[in-house]
1. Among residues belonging to the stretch 321-356 that are exposed (fewer than 14 other Cβ atoms within 10 Å of the Cβ) and touching a residue at least 40 places away in the same chain (Cβ under 8 Å), point out the one that is nearest to Ile263 (Cα to Cα).
2. Restricting attention to the stretch 457-474, report how many residues are modelled with pLDDT of 70 or more and within 27 Å of Ile407 (Cβ to Cβ).
3. Answer yes or no as to whether Val102 is without any contact (Cβ under 8 Å) to a residue 40 or more places away in the chain and aliphatic (A, V, I, L, M).
4. For the stretch 419-435, which residues satisfy the criterion of being surrounded by 20 or more Cβ atoms within 10 Å (Cβ to Cβ) and more than 22 Å from Lys244 (Cα to Cα)?
5. When only residues in the stretch 422-435 that are assigned to a loop (DSSP other than H, G, I, E, B) and in contact (Cβ under 8 Å) with a residue 40 or more places away in the chain count, which is farthest from Lys404 (Cα to Cα)?
6. Hey, among Gly285, Gly256, which residue is in a loop (DSSP other than H, G, I, E, B), surrounded by fewer than 20 Cβ atoms within 10 Å (Cβ to Cβ) and without any contact (Cβ under 8 Å) to a residue 40 or more places away in the chain?
7. Which members of the stretch 32-87 meet the condition of being exposed (fewer than 15 other Cβ atoms within 10 Å of the Cβ), farther than 24 Å from Arg127 by Cβ and small (Gly, Ala, Ser)?
8. Name the single residue that is farthest from the chain's Cα centre (by Cα) among those in the stretch 387-412 being touching a residue at least 60 places away in the same chain (Cβ under 8 Å) and more than 14 Å from Glu435 (Cα to Cα).
Amino acid sequence: MNQLSSGGRAVQEQELRNLTCLYEITRHLASAVSLQECLEKTVCTLAERKNMDNGTVSIVNPVTGMLEIEVAHGISAEAKRRGRYSLGEGITGKVVATGEPVVVPQIGEEPLFLNRTRTRGHERKKRSSFLCVPIMTGQQVIGALSIDRVYPEEFGAASEQDLRFLTVVSGLISETVQRILRVNGEKEALHLENTRLRRELTAKTRIEKIIGNSSRMQEVFDMVHRVADSNATVLLRGESGTGKTMVAKTLHHNSGRSGGPFIVVNCAALPETLLESELFGHEKGAFTGAVDTKKGRFELAQGGTLFLDEIGEISPAVQVKLLNVIQERTFQRLGSNKTITTDLRLVAATNRNLEQAVEQKKFREDLYYRLNVFPVYLPPLRERRTDILLLAEFFLEKYAQENKKNIRRISTPAIDLLVQYHWPGNVRELQNCMERAVLICDGPSVDSTHLPPTLQSRDSVPSGRPLSLAMAVENFERELIVEALKKNNGNQTKAAKTLESSLRIINYKIHNYGIEPKSFKVK
């Protein structure tokens, strides 16, 4: 009776140890977000709680199809790298291939045991058993859990009990693997959704009708959309032709004042006396020629936006009056004592260095600070070269439609000239250049010969890459031959006569330059 009682207690103690071990493993698996971390804690617990040595989890690599050690307790990194098996190879490979658990009573007597990790010496092989169970997700085997165990008592019953225990653990690992894969899948889905939304946001933050994907222009788009819906005064800085007027229009159309008027004043185009009248208006008889009362631009822009272009060109007298309007939001027409309150959004633009003008006492410092509330710098075209081709194609399509021409592309030599040119006139110069090219182009593509001569001059090439004499001669000869072929409907003999050269020389150069005379025949 005492023996039965003692045996029963032993079984109970064993079950309690198993439950304690399973609880600890479950806790590790449930709390971990990293598969590597939770598996490492699992095999460590097996070693500490169950005396199971060399605990190893091997997973099938979905790319190579090989069975590779994911985590291992008591095995070096080099040993882990050696532990790779094909499906069906060795004991572990057999378990994964068949989906059936395997127990090896004595490692040293099993010929299928390969010991690729080389972690078991001769004496260890004599004493150790090896247990391996599959890790399955549904009907698919994704890996295996294996351990070494030295059994001091009867092997059979104890090994069967451990095998059942490891099968439960492998089931827990399987559930954890699926959970982590789901979590990672959701994270990846969120990442993809975030990327998609960012793309949509980038598309929305692009300014309509302003072409540009360069990082410099993305900064401009971001600044514009940040300030568009406020009443803050915006100062647009940048060289002539960079698109300041278009940005000013965009600020207006994306603001809460889009329903109001957008009034433009070019301060450089008007003399001082006329500019003051244009800005503030005048009463009848205020000065010679004032035959009627006239509303000024400040009055006309009520509820909308007033754009003062070339603000750096206004005279000191007008600067004083403009400062008062910005500060007080009130003004008086010329020849009137009536104060008019203004409700508008002010946007100014200049290509001048206002800081230098302030230092030279040519521009009022207080007015500068009133205008420079939210400066936006528009980069010159030479600093956003990735946008040149986009702009050129946009203008090509625009002017081809306007002139009813079927021009579909820009040739590679023409693209090279466009990209390498320094564009002192910025986008405006590129626009004029493409309009000219469309007007003189009779074929399906814009070639280098259709571009202005300035693009093929020495100054058009960036410093450090001077146009060689040979290159300049080649460009000039190519242009002459192409023009002669156009005039003569692709006839090489007539082209040679036009150029006062021999047919042999012209044919030789046509071949060298890759010119296709047939493309110049009018069908």
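1. Here the answer is Asp343.
2. The qualifying residues number 1.
3. yes
4. Residues satisfying the conditions do not exist here.
5. His422
6. Gly256
7. Listed by number, the residues that qualify are Ser34, Gly65, Ala77, Ser86.
8. Result: Leu390.
The values are calculated or read from the model by the stated rules, or taken from the named source; none is laboratory data. Note that the coordinates shown come from a computational prediction; the quantities given were computed from them, not determined experimentally. Ideal geometry is used to build each Cβ from the backbone, glycine not excepted, and the neighbour counts take in all protein chains shown.
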